[in-house]
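Here is the structure we will look at, set down as structure tokens.
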Amino acid sequence: MTPDAIAIAAMIILLFPMGYFTLASPAFLLVKLDVRPVALLLRGMFNAHFLVMGVAGIIGTAAFLLAGRLLFAAAVGLLAAVAIGGRRWFMERMDEQLSASDAGDTEAPRRLRRLHWSGMLCNAVLLGALLASIPYIATTA
């Protein structure tokens, strides 16, 4: 593979999990998060998303390094670091709200919904930035 093809493959590797999350996560807006199995499914989806983005980010960083594109490698490496570091922070907040809901806190599902919205917004911003960078990769390819 040429370095240019490697760079394009790295973008595709990153776009798939972000696109899937963008399509799957709004479905949880249609259900109540005070139903424990639904809230646990949401937690599992976020957990899997962070794990996949961390792995995809590491692979993408390596691909951009192989392609000799250091700026893109640094950006994707930062994305991987945010996914890896953010997973722990985000999962702790979700677990706190799940525990609070189990303890009878009636506001916990509302706070869990806010976490859901913030996760979707962060993914949308990162996806938008990734999509906006495609022309720069295409012109340097």
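The values are calculated or read from the model by the stated rules, or taken from the named source; none is laboratory data. Keep in mind the model is a prediction, meaning the values are calculated, not measured. Positions of Cβ are backbone-derived with ideal geometry, glycine not excepted, and every protein chain shown enters the neighbour counts. Ligands, DNA and RNA are stripped out before the accessible areas are found, and what is left, the full protein with its side chains, is counted by its heavy atoms. Shrake-Rupley method; radii C 1.70, N 1.55, O 1.52, S 1.80 Å.
Okay, here's what the table says:
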quantity: Filter pass, residue 101 being under 17 Å from residue 12 (Cβ atoms) and among the polar types (S, T, N, Q); calculated: no
quantity: Every pair of residues 6+ apart whose Cβ atoms lie under 8 Å, when the first sits in region 25-54 and is within 17 Å of residue 118 (Cα to Cα) and basic (Lys, Arg) while the second is modelled with pLDDT of 95 or more and open to solvent by 40 Å² or more (accessible area, probe 1.4 Å); calculated: 43/95
quantity: Residue tally, condition over 20 Å from residue 22 (Cα atoms) and of a type in the set (Phe, Trp, Tyr), over region 47-98; calculated: 3
quantity: Matching residues in region 82-129 - criterion: being open to solvent by 20 Å² or more (accessible area, probe 1.4 Å), among the aliphatic types (A, V, I, L, M) and either outside any helix (DSSP H, G or I) or farther than 25 Å from residue 30 by Cα (or both); calculated: 82, 84, 103, 129
quantity: Selection within region 36-50 - loosely packed, with under 12 Cβ neighbours inside 10 Å and either of a type in the set (A, V, I, L, M, F, W, C) or in contact with a helix residue (DSSP H, G or I) (Cβ under 9 Å, 6 or more places away or on another chain) (or both); calculated: 36
quantity: Region 63-73 - residue that is in a helix (DSSP H, G or I) and surrounded by fewer than 16 Cβ atoms within 10 Å (Cβ to Cβ) and, of those, modelled with the lowest pLDDT; calculated: 66
quantity: Checklist (1) buried (at least 20 other Cβ atoms within 10 Å of the Cβ); (2) without any contact (Cβ under 8 Å) to a residue 24 or more places away in the chain; (3) not aromatic (Phe, Trp, Tyr) applied to residue 77, failing item; calculated: (1)
